[in-house]
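> I am attaching a structure below and will ask some questions about it afterwards.
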Amino acid sequence: MMIKTLRNSLVAMLAALPLLAMAAPAAHEVVQKTTDTLLADLKANKDEYRKNPDAFYKSLNEILGPVVDVDGVARSVMTVRYSREATPEQMTRFQENFKRSLMQFYGNALLEYNNQDIRVIPASGKQDPQRTSVNMEIRDGKGTVYPLSYTMVAMDGTWKLRNVVINGINVGKLFRDQFAQSMQNNRNDLDKVIDSWADTVARARQARGAQ
């Protein structure tokens, strides 16, 4: 009986090994790894990126893009009111335009801060298995610290970025407000809003910079 019990326990352990090996990393681990890769790239190419921001946006998309829930964020920016009326083609087009604008907004913020370091603050307390915030700090060359926070959601066995709050600016809310205003300005013409999204975000960024 004991041998049978041990054999069954061993079988159960062996069966669980693939699941343990495939266990998804915690949200903080995902952010830490992504941040380390981003910092290494930024420090190695900072001078080039200041001269050629487009190259930075492209690199940022390659590093950060895979961990962004583009569909979820885009629908949140559109809100249910407009996303349920959008065709699949319009949603795809907006997701592409949105992702590009997100990288530009985030990339400009990093370049403007002349960052020297981004520190991921360790998790504390019990973490929600479905949604959590990962807090960070950006320290520029003068020692000024700017808060940064990622809202992460569990999706398909991994963690994805759903929102960014950088130095008090809630990017998701900012984009959502800009989308609603653009729909109003363009008389609810969704195609015009999608096609002019990059300009809409650029104006929002300039307005924030002037404050």
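> Considering only DSSP states other than H, G, I, E and B, which trypsin sites (Lys or Arg not before Pro) in region 176-206 qualify as loop sites with at most 14 other Cβ atoms within 10 Å? The partial results should precede the final answer.
Working: sites: Arg176, Arg187, Lys192, Arg203, Arg205; in loops: Arg187.
Sites meeting the loop and neighbour criteria: Arg187.
> Taking a cut-off of 23 Å between Cα atoms, list the lysines near Lys51, but don't count ones fewer than 8 places away on the same chain.
Candidates past the 8-residue exclusion: Lys43, Lys99, Lys142.
> While we're on this one: What is the sum of charges, Lys and Arg at +1 and Asp and Glu at -1, for the other residues whose Cβ falls under 14 Å from the Cβ of Leu38?
Numbers: positive: Lys33, Lys43, Lys46, Lys58, Arg119; negative: Asp36, Asp41, Glu62, Asp117.
Neighbour charge sum, excluding Leu38 itself: +1.
> If we count every other residue with Cβ under 12 angstrom of Pro147's Cβ, Lys/Arg +1 and Asp/Glu -1, where does the sum land? Present the calculation step by step, with values, prior to reporting the outcome.
Values: positive: Arg119, Arg139; negative: Glu137.
In short, +1.
> If you place +1 on the Cβ of every Lys and Arg and -1 on the Cβ of every Asp and Glu, how big does the dipole about the Cα centre of region 27-210 come out, in debye to the nearest 20? Spell out each step's value before the answer.
Values: 26 positive and 23 negative charges, 90 e Å.
The dipole magnitude comes to about 440 debye.
> List the GluC sites (Glu not before Pro) in region 32-91 that DSSP assigns to loop (not H, G, I, E or B) and whose Cβ has at most 13 other Cβ atoms within 10 Å. Which are they?
Loop-located and lightly packed - Glu85.
> Something else now. Kindly identify region 121-178 as rounded, prolate or oblate by the Cα gyration tensor criterion: order the square roots of the eigenvalues as a ≥ b ≥ c, call it rounded if a/c is under 1.5, otherwise compare a/b with b/c, prolate if a/b is larger, else oblate.
Numbers: a/c = 2.63, a/b = 1.28, b/c = 2.05.
Taking the square roots of the gyration eigenvalues as a ≥ b ≥ c, region 121-178 is oblate.
> Give me the mean projected area, in nm² to one decimal, of the convex hull enclosing the Cα positions of region 27-210. All intermediate terms of the calculation are to be shown ahead of the outcome.
Values: hull surface 44.2 nm².
For region 27-210, averaging the hull's shadow over all directions gives 11.1 nm².
Any read-out appearing in this document is the output of simple, stated calculations on the displayed coordinates, not a laboratory observation. Keep in mind that what you see is a predicted model, and the values were worked out from it rather than measured. A quick note on method: Cβ atoms are made from the backbone with ideal geometry, for glycine too, and the neighbour counts reach across all protein chains shown.
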